[in-house]
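Heads up, the thing below is written out as structure tokens.
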Amino acid sequence: MRKTERLDKLLSNLGYGARRDVRHWIKQGWITVDGHPATSPAQKVCPQQVLLEGKALDHPDGLTLMYHKALGTVCSRKEDGRLIYADFPERWIDRKPPLSSVGRLDKDTSGLLIVTDDGLLNHQLTSPKHHISKTYAVRLAHPLDGSEAARFASGSLLLEDDDRPCLPAELSISSDTEAELILHEGRYHQVRRMFAAIGNHVQLLTRIRIGALSLHDTNLAAGEYITTTPAELMQRITPCEP
Ligand code: URA
């Protein structure tokens, strides 16, 4: 049997409006439950049976997105700048539980970002126990000299202000000033700080892969998103795990 919940709480947690709005919509006859006009805000309903103005509710079972973060947007309200949430429908801002990004990309970094209201999924994707790698495409200010891959792979590279060296990371060089870097941990501004630690400077940074999920395969342009489910997402990020 599917879980039931109070009609007014359900609609308000999905960001449709305040509980008093729901009372008004019921009076207007705008809400139906299993084909019958809703009778009370306290009515216990199964979300899949509710229609508002004839339309099914928006992702009542939770919301998970694959999103292409654009350059210049910010993941946190504590930073200055246009929030990533401005790229989503306005109603989603008021959802409970709230949407949040899985980790962060800094303002000057674009690329693949997962956004979800599922706390367990968020934990699975960020916990070191799950070993989910992140791949970044980098454009550098100065030409690479050929020593970088070994230094990043050494496990002894120390970043400014850190007391523990970085885990070994894999660098593959694409041209004089372009490379892809696979990280197995996520520290603050890690890619930029790794290149700074060896005397170079990152000019352009894009996250192109999370585990096996590639930004290219999503076909998302900057600022676009697609909805998915936690199960489908985990399957695409870690396809070999049972
Ligand atoms: N490394 C960075 O420097 N910035 C990011 O946003 C992600 C990884």
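Can you pull out every residue in the stretch 66-98 that is surrounded by fewer than 18 Cβ atoms within 10 Å (Cβ to Cβ) and under 24 Å from residue 211 (Cα atoms)?
Once the filter is applied, which keeps residues that are surrounded by fewer than 18 Cβ atoms within 10 Å (Cβ to Cβ) and under 24 Å from residue 211 (Cα atoms), the stretch 66-98 yields 70, 71, 76.
Cβ-Cβ under 8 Å, sequence separation 6+ or interchain: first residue in the stretch 194-216 and on the phi > 0 side of the Ramachandran plot, partner among the small types (Gly, Ala, Ser) and away from the ligand (no atom under 11 Å from the Cβ). Which pairs?
What qualifies is 211/133.
Among residues belonging to the stretch 108-141 that are out of contact with any His (no Cβ under 7 Å at 6 or more places or on another chain) and without any contact (Cβ under 8 Å) to a residue 60 or more places away in the chain, point out the one that is most open to solvent (accessible area, probe 1.4 Å).
The selected residue is 129.
Among the residues of the stretch 230-242, which ones are touching a residue at least 60 places away in the same chain (Cβ under 8 Å) and either open to solvent by 80 Å² or more (accessible area, probe 1.4 Å) or over 17 Å from residue 88 (Cβ atoms) (or both)?
230, 234, 237, 238
Which strands (runs of 3 or more DSSP E) does the stretch 137-242 wholly contain that include 2 or more residues that are within 15 Å of the ligand (Cβ to nearest atom), within 23 Å of residue 71 (Cα to Cα) and aliphatic (A, V, I, L, M)?
178-183, 202-210
Do you know which of the residues in the stretch 181-193 that are open to solvent by 60 Å² or more (accessible area, probe 1.4 Å) and in contact (Cβ under 8 Å) with a residue 12 or more places away in the chain is farthest from residue 205 (Cα to Cα)?
184
The values are calculated or read from the model by the stated rules, or taken from the named source; none is laboratory data. The structure presented is a predicted model; accordingly, all values stated were derived computationally and were not measured. All Cβ positions, even for glycine, are placed from backbone atoms using ideal geometry, and neighbour counts span all protein chains on display. For accessibility, only protein heavy atoms count, side chains too; no ligands or nucleic acids. Shrake-Rupley method; radii C 1.70, N 1.55, O 1.52, S 1.80 Å.
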